[in-house]
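Below you'll find the structure, written out as structure tokens, and then a few comments.
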Amino acid sequence: MSSNPRLPAESVPVWHHVLSADLAAHAQHPAARFVQLATLGGDGFPANRTLTFRCFGREGALVFTTDLRSQKCEQIAHHGKAEACWYFADARVQWRLRGRAMVAGPRTRTHHALRELVWARLSESSRQRFVWPAPGQILAPASKAGAISPTAAPASFGLLILSPHRAERLDLRAEPNRHLCWLAHRGDWAMTELNP
């Protein structure tokens, strides 16, 4: 699946072009699509996990797939905030993207077409995971055996959409290191350079 579908120019934040260039430079590295996403758990502790970046949504939102039965969906429903950390190891570039997070399931009409598009582009093995028992439960013997990949998106399949209001890029290869920060304010983005 292409991780960089075209978006209308007027809806794309400035930092999106920089991140898109970093992704394009790493298109041949499958691991470059892995992103760590942190949410806040009900116990007050941060919860972090690795997700696969699927595509950009409207206005540069990051789109991931998620099992709607997972704890991260409960955490996002409760707090609505998340931060993603992306690291391109060979370039020594780190991205941190903080913002509002939401989950789109079968009843979310505004993201129905995007949900169907992402489902259609998933591999067979990725689709099968959504018919396994709920994630995080005690594994029962042979609970995954015989799972048949559904052709239509099951009720457990959802999108996790992160709409950043802050984006940071830290270039550790540059001498001196370069740290850029974009902040959203009333629909506009302003960039500042920070100490690394």
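Only the coordinates and a few stated rules stand behind these numbers; no lab work does. The model shown is predicted, which means the values in this text are computed figures rather than measured ones. No Cβ is skipped: glycine too gets one built from the backbone with ideal geometry, and neighbour counts run over all protein chains shown.
Take the alpha carbon gyration tensor of the range 70-156, find the square roots of its eigenvalues, order them as a ≥ b ≥ c, and report rounded if a/c is under 1.5; if not, report prolate when a/b exceeds b/c, else oblate. It comes out prolate by the Cα gyration axes.
Within the shell of other residues whose beta carbon sits under 14 angstrom from the beta carbon of Ala27, the net charge comes to -1, with Lys and Arg scored +1 and Asp and Glu -1. Taken one residue at a time, the phi angles of the range 67-73 give Karplus couplings (6.51, -1.76, 1.60, θ = phi - 60°) of 7, 5, 8, 7, 5, 5, 5 Hz. Gly and Pro are set to x. In plain terms, the chain from Ala174 to Asn48 could stretch by 42.5 nm, reckoned as 0.36 nm per residue minus the Cα-Cα distance. Counted by Cβ distance under 9 Å from Ala167, the other residues give a net charge of +3, where Lys and Arg count +1 and Asp and Glu count -1. Derived scalar couplings between HN and Hα for the range 160-172 equal 9, 10, 9, 9, x, 10, 9, 9, 10, 10, 10, 9, 8 Hz in order, rounded to whole Hz, by the Karplus curve 6.51 cos²θ - 1.76 cosθ + 1.60 (θ = phi - 60°), x for Gly and Pro. Springs between Cα atoms under 10 Å define the GNM used for the chain, and in it the highest mean-square fluctuation of Thr50, Thr39, Thr110 occurs at Thr110. Amide H contacts for Ala47 (H built 1.01 Å from N in the peptide plane; partners 5 or more residues away or on another chain; cut-off under 5 Å): Thr39, Leu40, Gly41.
Couplings 3J(HN,Hα) for the range 38-51, derived from phi with the Karplus relation 6.51 cos²θ - 1.76 cosθ + 1.60 (θ = phi - 60°), are 10, 10, 10, x, x, 8, x, 8, x, 10, 10, 7, 9, 10 Hz, where x marks Gly and Pro. Given the C-alpha centroids of the range 74-130 and the range 164-196, what is the distance between them in whole angstrom? What the calculation gives is 22 Å, centre to centre. Cα axis of helix 14-25 to longest principal axis of the chain: angle in degrees, 0 to 90, nearest 10? With both axes taken from Cα atoms, the answer is about 70 degrees. Mean residue ellipticity, 222 nm, helices only, the chain: the sum of -39500 (n - 2.57) across DSSP H runs of n ≥ 4, divided by residue count and rounded to 500, is -5000 deg cm²/dmol.
Contact order for the chain, expressed relative to its length and based on alpha carbon pairs under 8 Å spaced 6+ residues apart, stands at 21 percent.
With each label modelled as a point 7 angstrom along the Cα→C-beta vector, the Ser126-Met191 pair spans 3.0 nm. With Rg and Dmax of the Cα atoms in Å as the read-out, I listed [x] 17.5, 54; [y] 18.3, 58; [z] 22.1, 72; which label goes with the value calculated from this structure? Looking at Rg and Dmax of the Cα atoms in Å for this model, the match is [x].
Annotation for His112 and Ala155: the two label points, set 7 Å from Cα along the Cα-Cβ direction, are 1.8 nm apart.
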